[in-house]
Amino acid sequence: MATDPVVVIGAGPVGLCLALALAQQNVAVTLIEAMSDDNFLDQVPRAGSNHPTTLEFFDRIGLYQKLEPCGIVAPKFHYWDRQSNTRIAEFDHALLKDDTRFPYVLQCERIKIVEEALKMAKAHPLIAVRMATEFISFEQRSDAVLARATNASGEEETLRGSYLVSAEGARSIARKDLGLEFEGFTYPERTINIEVAYDFKQHGYTERNYISDPVEYSNLFHWKGPPDRWRVHFPTAIDDDEAALTRPEALQARLRNFLGIDRAFEICGCNLYTVHQRVAKKFRVGRVLLAGDTAHVNSPIGGMGLNSGVHDAFNLADKLARILRGETDESELDRYERQRRHVAVQHIQAQTIRNKRLLEERDPAVRARNHDELRRQAEDPAQARKFLLRTALFESLREAEQIL
Ligand SMILES: Cc1cc2nc3c(=O)[nH]c(=O)nc-3n(C[C@H](O)[C@H](O)[C@H](O)COP(=O)(O)OP(=O)(O)OC[C@H]3O[C@@H](n4cnc5c(N)ncnc54)[C@H](O)[C@@H]3O)c2cc1C
């Protein structure tokens, strides 16, 4: 008897990687995406600082080669102190040359990742991509899952799958239908992201910079054009009005104030977003599994959301493929939950919360201590390598492997 395909909801980076990794192991997939071919590329570019661990996974499905030309290879990242306008520490992924074939981060936005991965999925004979199809609900049976969706013609249809993976993003319908709590909190303030065509390297910055300041911390990242651009994130006050924050003069003033220079900037765009730190209570209920932002969301400081979601996808793909080949039983799916939930709570949440605290710390004595610690770690190659193994998520993958 032929096995039903795995139904994957969402052609974000997580759903696409999962579909491609399953198909590579001869598992048929039905991939459902609410957006249509006409508007798919109109999405906000969003993340991507892609860590070496994630590049290894991309390479496994042949995606890395397609992304490298559209991204920036960034071996180094910096911590800066805005108060004194000095660099606190520089970390260089070259120290990981014996740990990985990719001793660098690839700065490549989410939109480029999904564009390339979607082309690959559409070309794969084992993946049926259903664009403009919106998942609405599901029903579990003992031997299958029935997913209901509204298709491109506006008709409701039922898609049968052996398993259903919700990679729908943070607002997952499946997670809500399962009644799973999304445990954690939401920061009251919002973050403003300004994209600007301006060469920040002339001020000593590298491709990725974390800038500590008790008044207005920020993150600064370089992205490949055209036009070549930089993205600067700033926190905003809780009651700041959106229209006032995003007015062109307000954006210009913020950038002038940040750099301490008087000039006009070429602003390419801006957006305001709310940051959540949340993890779903469970990642598996019967034949339904959660992955990526559906299962966990976090602040972008440290670039971990997309990365850890892609790690979920590969972990899950390997387990589902083995189950469907009859090599192991469904208890492996509980192991998926144990491993990846542990990473989400103990690594991703813990680290991103710590990263934000470090950048916004107000107590001068604590700030000085934190900066000294960063300096010490960066200056000692053994400590710096350990630091990078953690920030590049090697430590989380190795720790998860030990969880049975
Ligand atoms: C400003 C910003 C910067 C970030 N920077 C970083 C970074 O540097 N590094 C990093 O690792 N992470 C970063 N992140 C987080 C990162 O973007 C997300 O973690 C990542 O996109 C999650 O991928 P996903 O596939 O789980 O979900 P998504 O990317 O949200 O994709 C979900 C997909 O599901 C589709 N969908 C939703 N509902 C339905 C439905 N009912 N039916 C069918 N389809 C549906 C959506 O259309 C979408 O295509 C950042 C986020 C933001 C907002």
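The values are calculated or read from the model by the stated rules, or taken from the named source; none is laboratory data. Note that the structure is predicted; figures quoted are calculated from it, not measured. So basically every Cβ, Gly included, is an ideal-geometry build from the backbone, and we count neighbours across all protein chains shown. Just the protein is used for accessible areas: all its heavy atoms, side chains included, with ligands, DNA and RNA removed. Shrake-Rupley method; radii C 1.70, N 1.55, O 1.52, S 1.80 Å.
Descriptive notes on the structure:
- Selection count where residues are more than 28 Å from Y104 (Cα to Cα), touching a Ser or Thr at 6+ places or on another chain (Cβ under 8 Å) and β-branched (V, I, T), scope the range 270-328: 2
- Residue list for the range 138-147, restricted to those being more than 16 Å from the ligand (Cβ to nearest atom) and open to solvent by less than 80 Å² (accessible area, probe 1.4 Å): Q140, A144
- Taking every residue in the range 101-116 that is more than 13 Å from L63 (Cβ to Cβ) and pairing it with any residue that is open to solvent by less than 30 Å² (accessible area, probe 1.4 Å) and among the acidic types (D, E), at least 6 positions away or on another chain, the pairs with Cβ-Cβ distances below 7 Å are Q107/E207.
- At least 2 residues being open to solvent by less than 30 Å² (accessible area, probe 1.4 Å) is the threshold, and among the helices (runs of 4 or more DSSP H) wholly inside the range 148-266 those reaching it are 173-177, 248-259.
- Residue in the range 124-137 that is away from the ligand (no atom under 14 Å from the Cβ) and in a helix (DSSP H, G or I) present: no
- Once the range 272-330 is narrowed to residues that are among the polar types (S, T, N, Q) and in a helix (DSSP H, G or I), the residue that is nearest to E183 (Cα to Cα) is T294.
- Among the residues of the range 155-172, the ones that are without any contact (Cβ under 8 Å) to a residue 40 or more places away in the chain and closer than 17 Å to A11 by Cα come to 1 in all.
- Residue in the range 290-302 that is in contact (Cβ under 8 Å) with a residue 24 or more places away in the chain and more than 13 Å from the ligand (Cβ to nearest atom) present: no
- In the condition set (1) modelled with pLDDT under 95; (2) surrounded by fewer than 21 Cβ atoms within 10 Å (Cβ to Cβ), I72 is compliant with all but (1).
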